[in-house]
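Every read-out reported here was derived from the displayed coordinates using simple, explicitly stated rules and does not represent laboratory data. The model shown is predicted, which means the values in this text are computed figures rather than measured ones. Note that we place each Cβ from the backbone using ideal geometry, even for glycine, and neighbour counts take in every protein chain shown.
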Amino acid sequence: MTGPRDNVELDGLLRACVGCGLCLPHCATYLVTGNETLSPRGRLLLFGEVLHGRLPAAAPDVTRPFDLCLGCFACTAACPSGADAVLIRQLKDLGAATRARRCDPLALLDRGAALRALRRVGHVAASVLGQTLGMHWRRRLDGQPLVARVARLLGTVPAAPPTDRALERLIEQLIAKSGLPAASPLPAASGASARAGARVGWFRGCADAALLPSTAGRLRRLLVELGCEIVDPNGQDCCGAIATHAGRAGRVRSLRRRNLAAFAPELASCDHVVVAAAGCGLELRDYPAELSTRVVDAVVLLERLAPAGLGAVPLKVAVHDPCHARHGQGIVAEPRRLLGRIPGLQLVEPAEAEVCCGSAGVYGVRHAALSREIGLRKARVLVATGCDLVVTTNPGCLGQIADSLAIIAPTVPVLPLTDLLWYAWRTGSRAPRSRNTLTDT
Amino acid sequence: MAGADLVKDLKREVGTSAVLVDPASLTVYARDASHQAYGRPLCVVLPETPEALRRVVAACARHRRPFVVRGGGTGLSGGALPADGAVVIATSRLQRLDPVDPDRRRVRVEPGVLNEAVSRHAASCGLYFAPDPSSQAAATIGGNVAENAGGPHCLKVGVTAQHVRRLEWIDPQGRLWSTGRGGALDRGIGLRGLLCGSEGTLGVVASAELDLLPLAEATVTLLAEFPRLSDATRAVVDLMTSGVLPEACEIVDRVMLEAVEAAFRFGFATDVDAVMICEVAGRAPAAAEDAARAERLLQAAGARRVRAARDADERARLWQCRKRAFGAVGRLAPAYVAIDVVVPLGELTGLVEDIAAIKAEHRVEIATVFHAGDGNLHPGVHYDDRDADLIARAQSAADAIVLGALARGGSCTGEHGVGLEKRHLVHRQLDRTSLRLMQGIKDLFDPDDLCNPGKALPRRELAAAAAITAQVPGEVSFRWDSLTVTAPARTPLAELQAEAATRGLWIPLGAASRSRAVGPGLGGALTVGDVIEAGTSGPSLLGHLWPADAVLELWAGTGDGEILRAGAPVLKNVAGYDLVRLIVGSGGILARPLAATLQLKPAPECVELWTWSDVPGAFTAEERRDFVRVLRSHPQPAVVVRERAASGPSLWVAAAGRDREWDLGRLGADLAAWSEDHGLAQPVAVRRTGAALASPALLADLPAWAVASADWTLLTPRDRQPDWPRPRRLIWQSRPVMLWTPEIVAEEPVGWFADGIFRDGRLQLPPQPAAGVPLPLLAGLKRLFDPQGRLPCPDWLKRHLEAAAA
Ligand SMILES: Cc1cc2nc3c(=O)[nH]c(=O)nc-3n(C[C@H](O)[C@H](O)[C@H](O)COP(=O)(O)OP(=O)(O)OC[C@H]3O[C@@H](n4cnc5c(N)ncnc54)[C@H](O)[C@@H]3O)c2cc1C
Ligand code: SF4
Ligand code: SF4
């Protein structure tokens, strides 16, 4: 797994772990199994044993904990001793290397066409199942191991309201149901208005563009209305996150090359390259500097643009931070500040906010049972806040949380954060009047 | 393979997936947060319910296989490490919390619940669980109980044992027991106290009923920079003896500061030798007053700068940094020996000087964090496990520090436990009799030595060679700089209270008064020995719970005439089993108190008593609710006495607090408003301050008291036993919540076993301990301490001993 040259350095990194155990309650795989072998401290310890030749690297009981690691980085954020971010990356690679040895059709999910097909099948299947088995179809299929994997694959395909009208109807219904007092929009002067003129490169990201095209469309329009000029180079491809996770280094390299080539002519004139999915955002940070330094998460950009005059959304809203945003890029305050701009909206903080939802790329399908447990745990803490609505910023998390909420609390929906913001903007005082009547796209 | 049958059995008991036997898991579970090595387990079991936990223990007992319970594995003395071939029983799946009972301020939880989760759970009721070890995010309640964990905020309100009301526990044979009724004062043989801090060597905690405290209205956290460490340690003594009792008082030394700053970039000064974190809390004006006083004091003591945390956010970050300090050491050195010594407060500065000398002599680096207000220090001696010479130097430096603390009258461990790590040191602290009794207790509870073997007590050879014999002190001596007083058992408590009062201090032990009006109570004539033997308490405790909490050190004579010294003259101590809590309140059946070191605390500034004369016989539900709401809305502990009397006062309320309008003044105004709302005459109020508090008649106008039911359902005891008389008088206390039915002890206060019953004006003992208490073990303890039966013995125990003998 590692060359002897690296061993000294790795050994040094391992020694940074003082074994205090403070990372344990942040690790989703430990929380749901109670098994310390599946905890960060356990994994680091095993890693050390392997490094020193005291445990065989290839034994299944040794590789399994690494294979089951979500790569969520929650542990590194919790660890007081530091230095293990690199180590967890190593651990992830170790897991990925194990996976790469197997032939895995799931790795093909990084192709836009495959994802689009999956979305269609997923949505059709979900609606058919919903009609035949009733709204609790997920729960009913749950006990069936044979169909469980397929059900999961279909159930966790991220979905968002396909049309603006559908989104509006959903939010309006929620508001009507929620008992929160309606707030009047803040006076427009209380927020800075959109700053015109930023030139923003648009990173499509296969997952976002293919899975949530309408959400991506709304975000684009929102950015434009807030004064951004959008540049959308052709020839873009998947960022490479799925291939990385699957341990397919060759594919990662070729995807990177392709994306760099697509952006090359535009980069110099772009202030930012905006990414809607946190997972892509983190992957892009590993790109060469000319791209990676310009990468900005859509929520962060929106927060900087400080949209003013938003319409009221009197709902209790819980935010789920994708690990790739929270632990990978340190994005925690921005989504909360952004939502804080929406009059009447009440933010609620779930317990275990830093814990992964169990989506983690293709993990949800590969380790269906464990991922499901993790998702259910996440859904439980979210529901415990008493929220009307959950928002998040990564398609993977969106699908996973929707699937889990559907089992635990089918009346609580989960939406992309930017969709909620789009709604507040459209119903607010600053949206362009001509298009303020809401239209289907 | 040896043990295969057991593994099969275990799989049958808890399911295949809950038993781990793969080499990777066995490797992982052979380690914990201590840097100790012990053995390799046979298997790891993850039971999901307390009943499954019990079955697992029973299976181990059947197969005579050693086992160890593991909570969060954050222990620093190696407590959770398995002996070779032992079964590790992990409680990580035992995570259920019952709903909080906001009236009784209690919650029952399973042992795998994380410490922090309890406070989070209780927050919606405005309550929290006080013990907050720095590891609280990852440590479990089972582990906290087993180690009797402390934490920065235990300074004012006490360590885990003071917040555990009742345990359900599994003995090493796999039988489920309880520690009693969970009453206000579980008097009698102190099983609860014995189990707390027993490091999982006497049994397994299956559930714990915890006391919760109300969250403070306001908190001020001061950060003081001290150019000299010795000034900081002296400032602690000044502060603690000044009458301000902080919630927390911590020191971080320079080396540790640098590590913490590098890790978390809080903005600590790193050009000073020490930073002190001092937190005061309470009602907003009180916190402000205390903070101003503390600030002046710290400045006078040599602080370069004192500032308050700006807001809750900064305070939270500050505590995060402090609590993760141990982890940050990982940035300085690959490993460290975490020492956990405690000394009397007055010795703190001396010990710090010792450590500096040891550091130079052994050429090692040491970073120290202090639970300074408790006199508890954690010097971490750095080493690198690849450097044999350094390891040896670090170990000898660590031992030298511990011996230095012992020489200053301290303890080798304040909260981390003996575990594996300090087994070679305990016999240099404890006397021969104590060691013999502790081993006897272990043999009694766990005759086959299966339950976490090889921990907590010294190896038998070492114990046998122990050289210390207990010397009973012959006269009273106050150590004002350490906030303790040592006194022979015959000393009248009132005498000590009077002396303490001259410095604005008191001993938080009840029964300071004798009420002639109502007959002989547990009055001023009581001696230190009486109070310890009977475990008496009373409303005059005003917010303090168990008498044992005030007893730091106890000399006692066993039935066969041997003398033991339990505890140490320090505020925190977990070396060996807690014989103090075992003996205090046991009615003299185990050992006779000979002398004790008691804790001094700042006395209440002022006590006020309100009396109503014509309160009708019974409160309506609404009256009662309103009344309780008034008392609840005030942070001061209040005591309510209610009497069904033909004439004279029939309702009393007493509260301790400050002589200020915003404090007792406000309570008085609320009580007056309540009276008016309910058509009662205004109460007569008497306020006592200063010297008047010192008089033995502190609360002489209150009827005398004794202890009864645990239940606070005000004025209507719920689980009254059918043969109990209807009490004529009831006392309710708001913090900790408890209800007393004081149909008083007429003569000698020999109250024991939790809740007495009252008949013909006398306290009578229940026929036997609460259901679920292990009579055979109590009888065994009696035989161990009093083999010839020379000490008092209640009837039920006699019957049991006779039956056992027959
Ligand atoms: C960074 C750090 C900071 C710390 N700070 C503090 C501090 O401020 N104060 C403090 O007191 N301690 C502190 N500790 C020590 C440790 O966290 C405590 O001792 C804690 O109570 C251990 O809890 P645990 O659940 O991790 O128990 P474990 O380490 O798993 O076990 C400790 C002992 O408890 C026993 N045990 C566990 N569960 C049960 C049960 N259900 N029944 C019977 N026995 C059981 C085990 O057998 C073992 O002997 C710290 C440790 C670390 C790593
Ligand atoms: S990356 Fe996530 S799943 Fe993996 S060890 Fe860390 S916290 Fe656990
Ligand atoms: S928090 Fe860090 S130092 Fe502590 S056990 Fe986990 S990885 Fe190791």
Exercise for the section: Could you list the GluC sites (Glu not before Pro) in region B:349-418 that lie in coil according to DSSP, counting only those with at most 11 other Cβ atoms within 10 Å of their Cβ? Expected result: none
Exercise for the section: Would you list which lysines come within 27 Å of B:K422, measuring only between C-alpha atoms, while excluding same-chain residues fewer than 8 positions from it? Expected result: B:K323, B:K359, B:K442, B:K455, B:K572
Practice task
Evaluate the relative contact order of region B:122-244 (contact order divided by residue number), counting alpha-carbon pairs under 8 angstrom at least 6 apart; express in whole percent.
Solution key: 29 percent
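Taking every residue in B:17-24, how many Cβ atoms of other protein chains lie within 10 Å of its Cβ, on average? It would help to have the intermediate numbers written out before the result.
Working: counts 2, 2, 0, 4, 1, 7, 8, 16.
Averaged over the peptide's residues, the number is 5.
Under 9 Å from the Cβ of B:P47, count the other residues' Cβ atoms, weight Lys and Arg +1, Asp and Glu -1, and hand me the total. All intermediate terms of the calculation are to be shown ahead of the outcome.
Details: positive: B:R54, B:R55, B:R93; negative: B:E13, B:E48, B:E51.
Taking every other residue near B:P47 into account, the sum is 0.
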Fill in the blank from the handout: Here, region B:72-220 modelled as identical Cα point scatterers in vacuum has Debye log10 I(q)/I(0) at q = 0.14, 0.15, 0.17 Å⁻¹ of -0.63, -0.73, -0.94
Handout entry: Among A:422-431, B:140-149, the order from most to least packed when residues are scored by Cβ within 10 Å on average
Key = B:140-149, A:422-431
Exercise for the section: Starting from the Cα of B:K11, draw a straight line to each of the aspartates and glutamates and keep only those under 18 Å, dropping any in the same chain fewer than 8 residues away. Expected result: B:D22, B:E48, B:E51
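If you place +1 on the Cβ of every Lys and Arg and -1 on the Cβ of every Asp and Glu, how big does the dipole about the Cα centre of region B:261-359 come out, in debye to the nearest 20?
Numbers: 15 positive and 14 negative charges, 83 e Å.
In debye, rounded to 20, region B:261-359 gives about 400.
Averaged over B:29-36, how many beta carbons belonging to a partner chain fall within 10 Å of each residue's beta carbon?
Numbers: counts 5, 1, 5, 5, 6, 1, 2, 0.
Counting Cβ atoms of other protein chains within 10 Å of each residue's Cβ and averaging gives 3.
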Problem - Against the rule of thumb 2.2 N^0.38 Å, how large the Cα Rg of region B:414-455 comes out - result: 1.20
Completion exercise
Listed by chain and number, the lysines with an alpha carbon less than 20 angstrom from that of A:K316, same-chain partners under 8 positions apart left out, are A:K177, A:K378
Handout entry: Calculated log₁₀ intensity ratio I(q)/I(0) where the Debye formula runs over C-alpha points of region B:546-607, q = 0.12 Å⁻¹
Key = -0.31
Exercise for the section: Hey, for a label at B:A356 modelled as a point 7 Å past Cα toward Cβ, could you say which residues of region B:279-302 have their backbone N under 18 Å away? Expected result: B:301-302
Problem - region B:19-72 versus region A:34-61: alpha-carbon centroid distance in Å - result: 18 Å
